[in-house]
Each structure stands twice: as C-alpha cells, then as structure tokens.
C-alpha cells in the first residue's frame, strides 16, 4: 500500500535529514529487498494529499518514496526544493503532514483573495485548476457552517449532497458524510484558534475591557456572555463572576483587566465586587471596582426614553390569553402612545386580523414595540405616521368593537407626531455610538447634546402632558450624568480627544466651575498615579537611527536645527500638561491619532493612557449583537444544544470575522484527520459503499460566549 504509513521511522539512525544529497537517493519503484521468486504486487493509485507535494524523479510521472544509499525511505518535499530550503527531506509522518499543511493552507487565503477577482477571471482560474484540495474544501465548509449557523447534520442531507454532486462530483467524494465529523472539525478548530487568540490579549497595548451581560436562550439555557475590547500593536453575581474569572485565568490577563461596561442592574455591582476580591486574593492584584464600573450609554438612553414614553410599565401581556381588561385600561391611561400600543398588539394577535389590516394599508404591516429596546417604540410611531398606515388604523378602529376605546383623535395624532420628533435626536445619538470603532470619549458630549435637546423641546412644546413627560426623561438622564463622576475615565476620555480637550468642558460647563475643577483633579490623579513615569516625560527629539553614521563634515544647518529642536521642550515639563496647553486639533479618530509614532514618541506615557482608555466602547452593543446571532444558532430544531456547543460556535463565528485569526495560520481541519481519511478513503468506500462516518466526542467548553475586538 502506497501511503505515508509505509515510510520507515528510523530517523535517529540516519542523522540530520538536512545533510542528505540527491546523489544519495534513488527512487523506489519496487520493494526494498525484492525477491526474484516473489510475485510482483499491483500498486494502487496514491490518494494521500502528501503525494501532491512529493518531488518526482525527472522522467517519471508517478510520485514515490525516495531511497538513500542505506536503503531507508524518504519523502522529498518539492515546494521546499523549489524554494531552496535547507531541510528538503522529511522522515516522520507528522513532519510530512505538517509540511503539506503549511503549503496547502495557503490555498484558503488564495481562494478568499481570488473572490475579489472579476467573474470571468474566476471562471478561468476554476477551469484551469488541476485538482480539488480536500483540506481547503473542508476548511471552507467549516467556515460556512459557522457563519450560517448550520446544524452539524446539514452535511448529511440528501438534497445538499445532490446539490454538491451536481456542481462537482469530486467535492461530494471529499466532503465528510457525517455531522459528527463536522463537529469534530469545529472542536479541533476551536482549540487550535483559541491558542492563537489567547496571545492577542496577553500582548495587547491597552488594558482588557470587558462587556458582560446575561441572556436566556430559546431552549432556556442561562448564559453569561461577554465581549472583550483592547488595542493590539497591529490595531486594530456568583455565576457570572466565576465565568469571567475562568476567562481571566485561562487567557492570563489578571494584570491587564481594565474597565467593565455593563447595564444598570444591581447584580452587576455584585459581580464586579466579586471579581475585585478574586483578583486580589488569587493574583494579588488590587482592583478598585467603583471607578472601573462603567454604564452602557445605550441602557441609559433606554431608561430615559422609556421614562418619557410610559413611566412605570404596565404588566406584560400574557402570550397565550391576550391582555386582560385591566391591562388594556392601564395602557389607555398612557394616552396616545398607550392606545397605539394596544392597537398594534390587537391587530398582530392573529393572522386573520393582520391580513385584514394589510389589505387596508396596501400591504404595509405594523411594527410592534418590545420590552427591551426603546427604539422599537420609535420605529412603531414612525411607521404609523405613514398616510396609508394611519388610514388603515382609523378604519380598523372603527370596525373592531374591542378597539372603540383606542380610537386615535386628531390631538392624539399631533401627540404622536411630536413624540416622533422628540425621539429623533435619541435615535441619532444611539446610532452614532453603536459602531465597533466608537469610543467612550463621545459619552459626555452625547449626553450634553440630549440634555440640551430635552430642555429646548420642553420650552417649544404646546402640549402640557408632553412637557411633563420630557421633564421625567431629563431627570432620569441627569441622574446618570452625575453617576459618571464615579469614574474619572469619562472626563479623561473626553480630554484625550485632541478635538475636545478641556476646552470642550470649559465651554459646556462654563456656569459649573466646581464641576470643572473636580474633573481636572480626578483626571490629574489618574494620570499621576497610574500612567506618569517617575523619569522625565517629554523626550528630546533624536535623529533616526536609520540615517546611519555621517561621513565627512557634518551639515552645519542640521546641527543647528537639532539644537533648536532640543530646546523646544523642557525636560521637566509634564506630558499631560504639555498636551493640555496645546491647541485642539481637528481629528476624527482620536485613537488612531494617539497610535501614530509621532504622538507615541512625544508623549510615551500619556499615549499609553489614551490607548488604554479610548478603546472602551460607549455601549454594550456588541454583546447584544452576539446574543441576537446566538438566537439563529439555537433554533427549534437544535433545542438540545448545550452551552459548551453554543460557546464553541459563537466564539468561532466571532474569531472568523475578527482580525485576530489568519486563515493560513489557524485552520479548522486537523491535518492528521484529513490525511487519515484520504489514505484510507478508497478502501472504506469499497467496504461501506462510499459512506464515511467518523464518530467523535466534542471536548467541553466554558459556559459562556465571548469574542475579541
């Protein structure tokens, strides 16, 4: 049988393979010790992928093992020979597969890059392909499974196999036929990628900021999920506490734990207190929980807007029996917004009512509010203000006896229009701060913007009840504005924005001098205690070492200019004070500005403070997106999924789309498993009619989903 299993593993008796010469090798076309009386065996075609990369003797067409003068078999790597690498020959099976994997995995990166080509070029490249690579195919299928939240057994579906067979019969032969094999590939890929991902936070320039949250999955799993945020050199309660501490231990970041961006639930305070205690007792790391506990700007806006819309929310409608008479009356007492809520719930309660409504509105459906996102109310109000939807609501309220108490009057429609206008700036503020690249430096300016907006709207409205509702929203937002004083990071982030600095707060708080002085004291303390070096801060500019030694007479002008630059900065000056004295700059991305080499040379310690603070996200949007995507994974057909599998799939999805994972370095498919399947594939098909079924047991994972950013 011609496979890598035939190769001798007696390398230790031969010596270093790098010293072999081609003159010592001959191609083995028959057995090492042939017997003249023996019947020659008919060799089967070589199907292992390793033969695709084996050097073939000149004049031959069939790959085979090479044999040295001692009669020992060797595998000769053609790509290494082409690149004139010192080590050209490999003995051990694992070395051969590793060599093949390193050369072959480049195909994945090449494939993804090829997707950017023009369609005609891609067709030509496909037509000219010599063969389909099994490892690349399985790697891409794993990425496809994770990205689309496919069940593991999807690969077993007859319709899917027919589809693949029609496109390329060879792909059907190479693609695994068992969902267990796919699960095994994903588990191996998770373990492989995880080791790579671990290095990123350990080597991060900034602290590691954690955004945790709780979630109940569709199959009733209690999950604590969190995202982590940090900057790399390339730029880019008891149960929750235990999950986070397990993550801190496993990734080795106890000394780099930064800030926690969380919602406003009181159990989050308990959690960070417990994390602080564990860090001190287990790692001897002092971690003050109060200044490190940050509140998601999105949650703050949600509380303020919901206070404006409905105040204390009436009981939630039972999903089976519908709203009771008491619940309906409580909603009607909320005015126009309460009546609209009941109309939408009533219409969307049965398919028949919804069908009747869409017939009246020329196919436009209603949008319903929900318990967790205030912008669902904004979208609901915005939608009903469309003329066709408004007309359909008027008609259906007149037709349905149950909606007689919810008829929207002309004054109600005026209220809804003003409500929509009032909520627009909140919508703009949240969408401007929910991106992955947004920074906590925008939190205070955004809250100032909303507070000023509420004050202006309250003066402009002619509806007394709306003015009262606006007052409650202002009070709620002001309460959380004051809570930002618990952590100096909010003011520090604003100051470290080159376009804002202290000039912004001095203008915004011009009638609150005590606020300015208090903020300056706290930011200054954070700088001195945590980041300021005991040595001199502002370095003298020095010529770049890349210029090399000077030859001949030095340039007089350059010597003079060097002296002038050296006197610009006083060595006793404080980096932070120098930065604050300089005028503001028009900079769109403050973190990118601080990562520039010019700033890092001028302000070595202050730039580290900025790199630590500015990556903190203003909102916990990413963890909410994570849970939303997880709903697509835990479908009704996958109700038995456990937290370990959910963790594996969501981490892989996050890692695949992040810059931390490079496909050519971190693969899904175990080269050992791929080689084994290839080596024995033909014989297994002969025995089992072509069925490949490898049963595996997935390793356990954390009871948590997390992602890096």
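Tell me the residue from 399, 404 that is at pLDDT 90 or above and exposed (fewer than 15 other Cβ atoms within 10 Å of the Cβ), please.
On the way: 404 fails: at pLDDT 90 or above.
Result of the check over 399, 404: 399.
Scan the stretch 522-554 for residues that are at pLDDT 80 or above and surrounded by fewer than 11 Cβ atoms within 10 Å (Cβ to Cβ) and report the count. Lay out the reasoning, then the answer.
If we filter the stretch 522-554 for residues that are at pLDDT 80 or above, which is where we start, we get 522-532.
Applying the additional criterion that residues be surrounded by fewer than 11 Cβ atoms within 10 Å (Cβ to Cβ) yields 529.
Going through the stretch 522-554 one residue at a time, the tally reaches 1.
Report whether or not residue 197 is surrounded by 15 or more Cβ atoms within 10 Å (Cβ to Cβ), modelled with pLDDT of 75 or more and touching a helix residue (DSSP H, G or I) at 6+ places or on another chain (Cβ under 7 Å).
Values: surrounded by 15 or more Cβ atoms within 10 Å (Cβ to Cβ): yes; modelled with pLDDT of 75 or more: yes; touching a helix residue (DSSP H, G or I) at 6+ places or on another chain (Cβ under 7 Å): yes.
Yes.
With the checklist (1) more than 40 Å from the chain's Cα centre (by Cα); (2) in a loop (DSSP other than H, G, I, E, B) in hand, flag the one item residue 434 doesn't pass.
It fails just one condition, (1).
From the list 377, 331, pick out the single residue that is at pLDDT 90 or above and part of a helix (DSSP H, G or I).
Every option except 377 fails the conditions.
Since residue 191 meets every condition but one in (1) within 27 Å of residue 622 (Cβ to Cβ); (2) surrounded by 15 or more Cβ atoms within 10 Å (Cβ to Cβ), which condition does it not meet?
Unmet condition: (2).
Show me the helices (runs of 4 or more DSSP H) entirely contained within the stretch 615-679 in which 1 or more residues are closer than 30 Å to residue 447 by Cβ and at pLDDT 75 or above. Write out each step before concluding.
Values: elements: 621-633, 643-657, 671-679.
Filter on the stretch 615-679 gives 621-633, 643-657.
The values are calculated or read from the model by the stated rules, or taken from the named source; none is laboratory data. This is a predicted model, so every value here is computed, not measured. FYI the Cβ positions are ideal-geometry reconstructions off the backbone, even for glycines, and counts take in every protein chain you see.
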